[in-house]
Amino acid sequence: MRGKRRRVLVVDVGGTNVKVLVSGRREPRKVASGPTLTGKQMVAAVRKLTPDWSYDVVSIGYPGPVLHGKPVVEPRNLGPGWVGFDFRKAFGKPVRVVNDAAMQALGSYEGGRMLFLGLGTGLGSALVVAGQLAPMELAHLPYKKGKTYEDYVGLRGLQRLGKKRWRKAVADVVRELGTSLGAEYVVLGGGNARLFDKPPKGTRLGDNANAFRGGFALWKR
């Protein structure tokens, strides 16, 4: 849009809440999500939440694998009806969809080779190298004792292990994945990152607001 700055609506879809922010605003808004939320319901909820916001384009952080800007697997912690859904038609605006962890990773990046791990309902992951974003799907890879990485450091792991043992599990996963992927540093984001008083060695705590920064940045690339 020449001669006019694009106003971007960023939609961060999580297993507990959908959070939104538009260019020029400081305070995000949110609406509950949950295990029955469909793509169609999400769009309707966002439109109902933002009747007084105007925007030109939309960025969506999606909690699952995305290929060529489209969800390719239904979200594990939400309802069905996301794969194949026409977000552009539903919003009536151009839409860019990326993995939610990738969006927060992009907003957290400060150079070099960075691994981002999103500690929320599940486990999000992305690698950024020399400014190039590489969304990853590490959550459901086998980890140990017949369980996945997400089983240990996602919400189910927190509930099963308790806070103290969960923190140790996160530190172990950070060390293993950071070393395997050659990360210079690891950023821990997502809602449960706040459960650390002091982040594990070699990490820093991200800010959930970085998801919005990443969503705005998607339209600058």
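The values are calculated or read from the model by the stated rules, or taken from the named source; none is laboratory data. Worth saying up front: this structure is predicted, and the values here are computed from it rather than measured. Please note: Cβ atoms are built from the backbone with ideal geometry, for glycine as well, and neighbour counts cover all protein chains shown. Heavy atoms of the whole protein, side chains included, go into the accessibility calculation; ligands, DNA and RNA do not. Shrake-Rupley method; radii C 1.70, N 1.55, O 1.52, S 1.80 Å.
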Kindly provide the set of residues from segment 135-160 that are aliphatic (A, V, I, L, M) and either open to solvent by less than 60 Å² (accessible area, probe 1.4 Å) or assigned to a helix (DSSP H, G or I) (or both), ordered by number.
136, 138, 139, 153, 155, 158
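To keep it simple, each residue is scored yes or no on (1) over 20 Å from residue 199 (Cα atoms); (2) of a type in the set (Val, Ile, Thr); (3) touching a helix residue (DSSP H, G or I) at 6+ places or on another chain (Cβ under 9 Å).
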site: 71; (1), (2), (3): yes, no, yes
site: 94; (1), (2), (3): yes, no, yes
site: 120; (1), (2), (3): no, no, yes
site: 130; (1), (2), (3): yes, no, no
site: 133; (1), (2), (3): yes, no, yes
site: 147; (1), (2), (3): yes, no, yes
Please state which one of 52, 86, 56 is at pLDDT 95 or above, surrounded by fewer than 17 Cβ atoms within 10 Å (Cβ to Cβ) and closer than 23 Å to residue 220 by Cβ.
56
Listed residues 165, 194, 160, 156; which is without any contact (Cβ under 8 Å) to a residue 40 or more places away in the chain and within 17 Å of the chain's Cα centre (by Cα)?
194
Take the residues in segment 124-153 that are within 18 Å of the chain's Cα centre (by Cα) and of a type in the set (S, T, N, Q); name whichever of them is nearest to residue 75 (Cα to Cα).
125
Examine segment 125-141 for a residue that is over 22 Å from residue 64 (Cα atoms) and among the charged types (D, E, K, R), and state whether such a residue exists.
no
Which condition breaks for residue 111 when tested against (1) at pLDDT 90 or above; (2) within 17 Å of residue 72 (Cα to Cα); (3) not in a strand (DSSP E or B)?
(2)
In segment 178-191, what residues are open to solvent by 20 Å² or more (accessible area, probe 1.4 Å) and touching a residue at least 12 places away in the same chain (Cβ under 8 Å)?
181, 182, 183, 184, 185, 191
Enumerate the pairs (first residue in segment 27-56 and over 15 Å from residue 92 (Cβ atoms); second residue anywhere and loosely packed, with under 14 Cβ neighbours inside 10 Å) with beta-carbon separation below 7 Å, excluding pairs fewer than 6 apart on the same chain, so at least 6 apart or on different chains.
38/80
Please specify each residue of segment 199-220 satisfying the condition of being open to solvent by 60 Å² or more (accessible area, probe 1.4 Å), over 20 Å from residue 13 (Cβ atoms) and either hydroxyl-bearing (Ser, Thr, Tyr) or outside any helix (DSSP H, G or I) (or both).
201, 204, 205
Quick check on segment 59-83: of everything there that is open to solvent by 70 Å² or more (accessible area, probe 1.4 Å) and either of a type in the set (Gly, Ala, Ser) or not in a loop (DSSP other than H, G, I, E, B) (or both), which residue is modelled with the lowest pLDDT?
67
Looking at this structure, is residue 175 open to solvent by 10 Å² or more (accessible area, probe 1.4 Å), more than 28 Å from residue 55 (Cβ to Cβ) and of a type in the set (D, E, K, R)?
yes
Consider segment 6-30. How many of its residues are surrounded by fewer than 21 Cβ atoms within 10 Å (Cβ to Cβ), in a strand (DSSP E or B) and of a type in the set (D, E, K, R)?
2
